[in-house]
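The values are calculated or read from the model by the stated rules, or taken from the named source; none is laboratory data. Every value quoted in this text rests on a predicted model; they were computed, and no experiment measured them. Cβ: placed from backbone, ideal geometry, glycine included. Neighbour counts: every protein chain shown. In case anyone asks, the SASA skips ligands and DNA or RNA and just uses the protein heavy atoms, side chains included. Shrake-Rupley method; radii C 1.70, N 1.55, O 1.52, S 1.80 Å.
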Amino acid sequence: MASQEDVFKKLIAHCKEYGFVFPSSEIYDGLSAVYDYGQNGVELKNNIKKYWWDSMVLLHENVVGIDAAIFMHPTTWKASGHVDAFNDPLIDNKDSKKRYRADVLIEDLMAKYDDKINKEIEKAAKKFGDAFDATLFAETNPRIQENKAKKEEIHTRFAKALNDGDLNELKQIIVDYDVVCPISGTKNWTDVRQFNLMFSTEMGSTADGAMKIYLRPETAQGIFVNYLNVQKTGRMKIPFGIAQIGKAFRNEIVARQFIFRMREFEQMEMQFFVRPGEEMKWFEHWKQFRLRWHKALGLGDHKYRFHDHDKLAHYANAATDIEFELPFGFKEIEGIHSRTDFDLGSHEKYSGKNIKYFDPELNQSYTPYVVETSIGLDRTFLSIMATAYCEETLEGNDTRVVLKLPPALAPIKVCIMPLVKKDGLPEKAREIMDNLKFEFKCSYDEKDSIGKRYRRQDAIGTPFCITIDHQTLEDNCVTIRHRDSMQQERVAIDSLETIVGKAVSMKKMLQSIVQD
Ligand code: ATP
């Protein structure tokens, strides 16, 4: 069986070959951790955006959207804490000259103990069969207890070091537990240093008048500085939310794993403004709502888990991640944070403006508390592609690569294919396409055998192929072929809109979030 690493490499190659994701400026050998989305990638991305946007803005009458500029007044980032505190602790291996995030090395170390424990349980489960009680085994097996204790010990030291901002202790953990560089295999480490992740540039034409500004590292601040504009002009009443989709930039120290960690990426964020004291209730509410949103994609409920933060960001009083099982392990794709009144309070202080909300029900003014949901569009894209990618062996030892994308998100919904390039079949095919194209993204393909054409569509996840043959001209029926089952059926042209419409409906997904 292919290793997960091989599968991931194949996925990256597939993304490139089929127009989903290209390395940025590839003719110049690319730019590290920057990627471009191709003709199919952009469609998938737009569909994910729509799914998210509609789940926020259509399903909640008290959530509205904005689109703020990427450039913001530099004081914004002073107030938000990013100038002083948006750092990653980095450490270099002196032999390989490779740079790592110290916190990531320690997290990987802890994950190794988890792996050991899981392997021990799996081994025992195989040995003991049906009668096996995993919980009892984990509680009593000395090796598991030992590994658990080790992990706990590291975890306690790690959480304390992060919260105290103790960089020496971070290094000490790496040294004490013999963490080696995966490249050089040595323990020859530098000290741990802080590294600010914001990109800066200059605005203005004269040297004197130029102002140092930052490329936003998160979209949230554009919402905070506008919250009162939206509240007043939209006559919003607390609790209410503001949603936004947009680019964010971070000078990541270790940029790897394809589009998982990029230097330019896209976020979908929603800030929900609540009465002080009610934030934990809303934090719980949005945690559950967001998990249902993910699960409605149908990628497999077991692939998600919550992970509570060991270290809370400078602005938060509660935080959890939604993690997804990617080919390289469970990784964060979304963060849900209770940001208190930190941001609004700080903007009030730095700007000197009163940005308090007047609550007509309480007849008092206060600085609202904020619960944020922040999901990475690119990471969501990756989670969907990684799960959808399948290599199948068919009858007669034939194989196919198929992207089992959620139909509502597929870049192309229908491919229209005349059986042959003559006898009036192309004209009939075009006629069908001209009708369907108002509802669905369609493509037209008349080249090569039907089998080859099917494979091309499988590889980009098109849920339906429609074949027009000679009989179509007589009975107005076509063959529709379903991507996943490869089943074919003969249906009337008139019924195509309904069949396709039902299968690719985003409404169904949205309803299942609400109904669950
Ligand atoms: P990480 O710990 O992986 O660096 P983070 O906790 O800093 O992520 P947040 O600040 O909570 O991330 O950002 C919210 C979301 O934005 C993340 O859950 C992720 O999906 C996305 N995101 C953050 N950084 C990147 C990046 N460099 N590339 C792609 N997506 C990112």
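Element breakdown for the chain at a 1.4 angstrom probe: carbon and sulfur atoms account for 49% of the accessible area.
Cross-linked pairs LYS10/LYS78; LYS16/LYS98; LYS127/LYS160: Cα-Cα separations exceed 32 Å for LYS10/LYS78; LYS127/LYS160. Of the listed residues GLU218, GLU431, the order by accessible area with a 1.4 Å probe, largest first, is GLU431, GLU218.
Report the one residue of PRO89, TYR28, PHE324 whose Cα lies farthest in the direction of the positive end of the charge dipole of the chain (charges on C-beta: Lys and Arg +1, Asp and Glu -1; origin at the Cα centre). Value: TYR28. Label-to-label distance, LYS49 versus GLN364, with points set 7 angstrom from Cα along the beta-carbon direction: 4.2 nm. Of all DSSP-defined beta bridges confined to the chain, some 85% are antiparallel rather than parallel. Charges were assigned to the Cβ only: +1 to each Lys and Arg, -1 to each Asp and Glu. The resulting dipole of the stretch 248-363 about its Cα centre is roughly 220 debye. Note on GLU427 and ASN397: their simple-model spin labels are 4.6 nm apart, each label 7 Å out from Cα toward Cβ. Placing +1 on each Lys and Arg Cβ and -1 on each Asp and Glu Cβ, with no other charges, gives the stretch 64-191 a dipole about its Cα centre of roughly 420 debye. Here the contact order of the stretch 177-328, divided by its residue count and restricted to Cα pairs under 8 Å and six or more residues apart, works out to 15 percent. Relative to its residue count, the chain spans a Cα convex hull of 222 Å³ per residue. Straight-distance candidates among the aspartates and glutamates for linking to LYS287, with alpha-carbon spacing under 13 Å and chain neighbours fewer than 8 residues away dropped: GLU279, ASP308, ASP321, GLU323, GLU334, GLU372. Ordering GLY451, VAL504, ILE480 by the projection of their Cα atoms onto the charge dipole of the stretch 396-511, which places +1 on the Cβ of Lys and Arg and -1 on the Cβ of Asp and Glu, puts VAL504 at the extreme positive end.
Picking from HIS155, HIS470, VAL420, whose Cα lies most toward the positive end of the charge dipole for the chain (charges on Cβ: Lys, Arg +1; Asp, Glu -1)? Of the options given, the answer is VAL420. Backbone geometry of the stretch 342-354 corresponds, through the Karplus equation with coefficients 6.51, -1.76 and 1.60 at θ = phi - 60°, to 3J(HN,Hα) couplings of 3, 5, 5, x, 5, 5, 5, 5, 5, 8, x, 9, 7 Hz, x marking Gly and Pro.
Can you give the FRET efficiency for LYS447 and LYS247, using 1/(1 + (r/R0)^6), R0 = 51 Å, r = Cβ-Cβ distance, to the nearest 0.05?
Numbers: r = 37 Å, r/R0 = 0.73.
For R0 = 51 Å, the calculated efficiency reads 0.85.
For the peptides 86-93, 402-409, 72-79, the ranking by mean Cβ contacts within 10 Å, running from highest to lowest, is 402-409, 86-93, 72-79.
Relative contact order for the stretch 274-356 using alpha-carbon pairs under 8 Å, separation at least 6, rounded to a whole percent? It would help to have the intermediate numbers written out before the result.
Values: 84 pairs, mean separation 19.6, N = 83.
Contact order relative to length: 24 percent.
Based on protein heavy atoms only, the chain ends up with 49 Å² per residue of surface accessible to a 1.4 Å probe.
For the stretch 305-464, lysine pairs separated by 8 or more sequence positions, or belonging to different chains, with Cα-Cα distances below 17 Å total 9.
Counting only protein chain heavy atoms and rolling a 1.4 Å probe, the accessible areas of CYS477, CYS415 rank, largest first, as CYS477, CYS415. For the stretch 87-195, the percent of C-alpha pairs falling in each 10 Å distance bin, counted from 0 to the bin holding the largest distance, reads 14, 38, 25, 16, 7, 0. Normalised by the number of residues in the chain, the mean separation of alpha-carbon contacts (under 8 Å, six or more apart) gives a relative contact order of 14 percent.
Each peptide in 107-118, 248-259 gets a packing score, the mean of other Cβ atoms within 10 Å over its residues, and the list from highest to lowest is 248-259, 107-118. The listed peptides 39-47, 434-442, 21-29, 135-143, ordered by packing as a protection proxy, come out as 39-47, 434-442, 21-29, 135-143 (highest mean of other Cβ atoms within 10 Å first).
Taking 0.36 nm per residue of sequence separation and removing the Cα-Cα distance, the SER96/VAL42 pair yields an extension gain of 15.7 nm.
So, with +1 on the Cβ of K and R and -1 on the Cβ of D and E, and no other charges, what is the size of the charge dipole of the chain about its Cα centre, to the nearest 20 debye?
Values: 72 positive and 79 negative charges, 76 e Å.
Here the size comes out at about 360 debye.
Take the alpha-carbon positions of the stretch 391-466, form their convex hull, and give its projected area averaged over all directions (one quarter of the hull surface) in nm². Numbers along the way, then the final one.
Working: hull surface 21.5 nm².
Answer in nm², one decimal: 5.4.
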